[in-house]
1. Could you list, ordered by first residue, the pairs with Cβ atoms under 9 Å in which the first is in region 142-154 and on the phi < 0 side of the Ramachandran plot and of a type in the set (Ser, Thr, Tyr) and the second is surrounded by 11 or more Cβ atoms within 10 Å (Cβ to Cβ) and in a helix (DSSP H, G or I), at least 6 apart or interchain?
2. Looking at ARG105, is it part of a helix (DSSP H, G or I), basic (Lys, Arg) and surrounded by fewer than 24 Cβ atoms within 10 Å (Cβ to Cβ)?
3. Scan region 41-87 for residues that are within 23 Å of VAL145 (Cβ to Cβ), part of a helix (DSSP H, G or I) and touching a residue at least 12 places away in the same chain (Cβ under 8 Å) and report the count.
4. Only one of these is among the small types (Gly, Ala, Ser), touching a residue at least 12 places away in the same chain (Cβ under 8 Å), in contact with a Gly (Cβ under 8 Å, 6 or more places away or on another chain) and under 23 Å from ARG105 (Cβ atoms): ALA264, ALA190. Name it.
5. Quick one: which helices (runs of 4 or more DSSP H) lie wholly within region 185-275 and hold at least 3 residues that are buried (at least 17 other Cβ atoms within 10 Å of the Cβ)?
6. Out of region 22-42, which residues are among the polar types (S, T, N, Q) and within 12 Å of PRO131 (Cα to Cα)?
7. Quick one: SER60 ticks every box in (1) out of contact with any helix residue (DSSP H, G or I) (no Cβ under 6 Å at 6 or more places or on another chain); (2) modelled with pLDDT under 85; (3) of a type in the set (Ser, Thr, Tyr); (4) surrounded by 14 or more Cβ atoms within 10 Å (Cβ to Cβ) except a single one, so which number is it?
8. Go through region 228-275 and give me each residue that's touching a helix residue (DSSP H, G or I) at 6+ places or on another chain (Cβ under 7 Å) and among the charged types (D, E, K, R).
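The values are calculated or read from the model by the stated rules, or taken from the named source; none is laboratory data. Since the model is a prediction, treat every value here as computed from it, not as a measurement. Cβ placement follows ideal geometry from the backbone for every residue including glycine, while neighbour counts extend to all protein chains displayed.
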Amino acid sequence: MSDVMDTGAGRTARASAGPAARSTPGRRLRALARAELTLLARNRTAVFTALLVPLVLPFSVRPALDQLDLKGQGLNVGTVLLTAAIGFAFLFAVYTSLVSAFVSRREELVLKRLRTGEIGDPEILLGTALPSLCVGLAQCVIVAVGCGLLLDTGAPKAPLLAVAGVLLGLVLSAALAAVTAGITKTVESAQVTALPLMFVSMLGSGMAVPLETLPDRLADVCRFLPLSPAVRLVQGGWTGQLTGGQVLGTLAIALAWTAVAVFAVQRRFRWEPRH
């Protein structure tokens, strides 16, 4: 999960972003994202984590699913595995990847140098996050198509909910990564600081275990975890079981967490190395 880069890679990012900083915001953003994608592609560990883990990890929970009464909850193995894979894409393709990326760029003074030009802070963060967001989105599409073909999950019954869940999950994962990077001192420690949210989300947000199979009180608490609303919307998009009130409540929780994360980034994100 680490994203260790040498100083040469850092210079590549600055060189690519430099000319774009004198151009339009769109061109600056594309140049920064292109440089970030180049750096991401050079990191084999990050590529492996982002591309393969979300696809393989859901099948590790398959034996446990056979012990649960999924049919009684209106679920099936295919839908649960699909939801888990998309949730893992949020965590591994976006969240953990970006925690390491933000910290690495900060420690190499890339972020500090970018701020000396015309490019604004939101553009820097978005440009850094774009490649991981695109990878995460591609993972979600691949998972949806693959599960439809191999596990007979079919098309989502409420596609707008599924799309909303994916987009909210990607955006919130990126924002949470920036928040976590703010409290992370080194690239090596990023592997540790990212663990709490990862484990809590895997166990309590409906990824490893569907919330419908948990005791009611515990499930109600878990639905307020950061990534639970996105996962619930994705699952509800395929099952079509969410009522209008449940959709509004889930969206409200997701938007509230997004607002809190963005506010925390504005107040706590560090642009220079921590000492």
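1. THR153/GLY78; THR153/THR79; THR153/LEU81; THR153/LEU82; THR153/ALA144; THR153/CYS147; THR153/TRP238
2. no
3. Looking only at that region, the number is 23.
4. Numbers: ALA190 fails: in contact with a Gly (Cβ under 8 Å, 6 or more places away or on another chain).
Selected residue: ALA264, the only one of ALA264, ALA190 that is among the small types (Gly, Ala, Ser), touching a residue at least 12 places away in the same chain (Cβ under 8 Å), in contact with a Gly (Cβ under 8 Å, 6 or more places away or on another chain) and under 23 Å from ARG105 (Cβ atoms).
5. Fully inside region 185-275 and qualifying: 187-193, 195-204, 228-239, 244-268.
6. Of the residues in region 22-42, the ones among the polar types (S, T, N, Q) are 23-24, 38.
THR38, the sole residue that qualifies.
7. (4)
8. Correct list: ARG232, ARG268, ARG270, GLU272.
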